[in-house]
Amino acid sequence: MRVAMSREDWARFEGLVRGASVSTPTQARAQGAVISRLMETSRVASETAPGPLDWMDWERKKTLRLLCPAV
């Protein structure tokens, strides 16, 4: 699976993986454990949160940042 996200989000994800790697034998399993935990948290939150987030908006903003870096 390929995942794209901001550097800040990658740093947060890697921090979660480091915490999960204590109880899992491999990095891949630690990553899977983190993703599963985040999905479960999201499922619970989505029961009360309004509508889904628009991931295309995030992709558009990412592309604009790459094409037009801040001066």
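Every number here is computed from the coordinates shown, using simple stated rules; none is lab data. Note that the coordinates shown come from a computational prediction; the quantities given were computed from them, not determined experimentally. Here the Cβ positions follow ideal geometry from the backbone for every residue, glycine too, while neighbour counts run over all protein chains shown.
A few comments on the model shown:
- Considering the range 1-18, and only residues there that are of a type in the set (Gly, Ala, Ser) and loosely packed, with under 12 Cβ neighbours inside 10 Å, the residue that is farthest from Leu66 (Cα to Cα) turns out to be Gly15.
- Residues within the range 1-37 that are in a helix (DSSP H, G or I), within 22 Å of Arg60 (Cα to Cα) and either aliphatic (A, V, I, L, M) or touching a residue at least 24 places away in the same chain (Cβ under 8 Å) (or both), tallied: 1
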